[in-house]
Amino acid sequence: MIKKVFFDLDRTLWDFETNSELVLKELYVDFNLKDYIPSVEDFLNTYRQKNNALWALYRKGCLDSSVLKQKRFYETFLAYGIDKQELAQNFGKIYLEKLALKKQLFPGAIKLLNYLIEKYALYILTNGFQEVQIKKIVNIGLDKYFKQIFTSDTIGYQKPQPAFFEFVLKQVDEAPEYCIMIGDDLDTDIMGAKRCGIKGKGLR
């Protein structure tokens, strides 16, 4: 019998792609990037490539969150011949600030949470950055649904590393067979959980 439900946040409940694209398009204008980069779509594609590559390393534990934050926009700008650390740092800081204020959830997310909260204890398990994820959750009013929010940069391990899930199980004081992980990523969320004996359910 399931007692506790673990949710991923980005791309599961919170529409990361839509929210992130909105912010990046705003910043493309605010920072006058058209003077250096041919189009906003070109900028978005380059950023996604750089960001995805760095996140893959982060999930493997090959770099920490501070390096990821610093390098993703610096490497993006460098692809256009813009070698400015301060610009990348400032851009990244404002990006995270504005991103946390976006409110687009996936259709049905609130209805699902309203149904589940009557039956189970709900938790967030995310590889996102603690400060940003807390702000997102509070800003869109999801905090009332979740008993606790677990983030990789406070735990010190990332999904799908077993140590991440083992830490969570210990904190919630529950056996893995009574828990289920719901997320969008087959390896990071579902297989990572299953390797620790937690049931997994893909969403998206």
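Compare the Cα positions of Phe150, Val172, Ile94 along the charge dipole of segment 49-204 (+1 at Cβ of Lys, Arg; -1 at Cβ of Asp, Glu; about the Cα centre) and return the one farthest towards the positive end.
In segment 49-204, that residue is Ile94.
Run lengths n ≥ 4 of DSSP H only: what is the helix-derived mean residue ellipticity at 222 nm for the chain, with -39500 (n - 2.57) per run over all residues, to the nearest 500?
-15000 deg cm²/dmol
Please turn the phi angles of segment 173-187 into ³J(HN,Hα) values with the Karplus equation 6.51 cos²θ - 1.76 cosθ + 1.60 (θ = phi - 60°), one per residue in order, whole Hz, x for glycine and proline.
In residue order, the calculated couplings are 6, 9, 6, x, 5, 9, 10, 9, 9, 10, x, 9, 9, 4, 7 Hz.
Taking the Cα atoms only, what angle lies between the long axis of helix 85-99 and the longest principal axis of the chain, rounded to 10 degrees?
Helix 85-99 sits at roughly 40 degrees to that axis.
Determine the sum of side-chain charges near Gln70: Lys and Arg each +1, Asp and Glu each -1, restricted to other residues whose C-beta is under 13 angstrom from that of Gln70.
+3
Any idea which of Ser39, Leu68, Phe129 is furthest toward the positive side of the dipole for segment 30-158, if Lys and Arg beta-carbons carry +1 and Asp and Glu beta-carbons -1?
The Cα lying farthest towards the positive end belongs to Phe129.
Can you tell me the dipole magnitude for the chain around its Cα centre, using point charges on the Cβ only (Lys, Arg +1; Asp, Glu -1), in Debye to the nearest 20?
Computed charge dipole of the chain: roughly 500 debye.
If you average the C-alpha positions of segment 186-204 and of segment 6-63 separately, how far apart do those two centres end up, in angstrom?
24 Å
Please compute the alpha carbon radius of gyration of segment 16-99, then divide it by the globular-protein estimate 2.2 N^0.38 Å. Two decimals is fine.
Taking N as the residue count of segment 16-99, the ratio is 1.03.
Quick one: among Gln148, Gln133, Gln158, which has the greatest mean-square fluctuation in a GNM of the chain with alpha-carbon springs under 10 angstrom?
Gln148
Per-residue counts of other Cβ atoms within 10 Å, averaged by peptide: what ranking do you get for 166-172, 14-20, 32-38, highest first?
By packing density, highest mean first, the sequence is 14-20, 166-172, 32-38.
Using θ = phi - 60° and the Karplus curve 6.51 cos²θ - 1.76 cosθ + 1.60, what whole-Hz ³J(HN,Hα) does each residue of segment 117-124 get, with Gly and Pro shown as x?
My calculation for segment 117-124 gives 5, 6, 10, 9, 8, 10, 9, 9 Hz in order.
Considering the convex hull of the alpha carbon atoms of the chain, report its projected area averaged over all viewing directions, in nm², one decimal.
With the hull built on Cα positions only, its mean projection is 10.9 nm².
Under 1.5 on a/c is rounded, so check that first for segment 50-110, then, if it is not, pick prolate when a/b is larger than b/c and oblate when it is not; a ≥ b ≥ c are the square roots of the alpha carbon gyration tensor eigenvalues.
Cα axes put segment 50-110 in the oblate bin.
Nearest 5 is fine: what % of DSSP beta bridges in the chain come out antiparallel, could you say?
5 percent
Percent of Cα-Cα pairs per 5 Å bin, from 0 to the last occupied bin, for segment 138-202, please list those.
4, 17, 26, 26, 18, 7, 1
Place a +1 charge on the Cβ of each Lys and Arg in segment 1-104 and a -1 charge on the Cβ of each Asp and Glu, then give the dipole magnitude about the Cα centre in debye, rounded to the nearest 20.
Computed about the Cα centre, the dipole is about 520 debye.
May I ask you to sort Cys179, Cys196, Cys62 by Cβ crowding, counting other Cβ atoms within 10 Å and putting the fewest first?
Fewest-to-most ranking of Cys179, Cys196, Cys62: Cys62, Cys196, Cys179.
If the cut-off is 20 Å between C-alpha atoms, which lysines fall inside it for Lys136, apart from same-chain ones fewer than 8 positions away?
Lys25, Lys69, Lys93, Lys98, Lys102, Lys103, Lys111, Lys144, Lys147, Lys159
Counting only C-alpha contacts under 8 Å and six or more residues apart, can you give the relative contact order of segment 122-204 as a whole percent?
Contact order relative to length: 24 percent.
Since every read-out is calculated from the coordinates, none of them should be taken as a lab result. In this text the structure is predicted, and so the values were computed from the model without any measurement. FYI the Cβ positions are ideal-geometry reconstructions off the backbone, even for glycines, and counts take in every protein chain you see.
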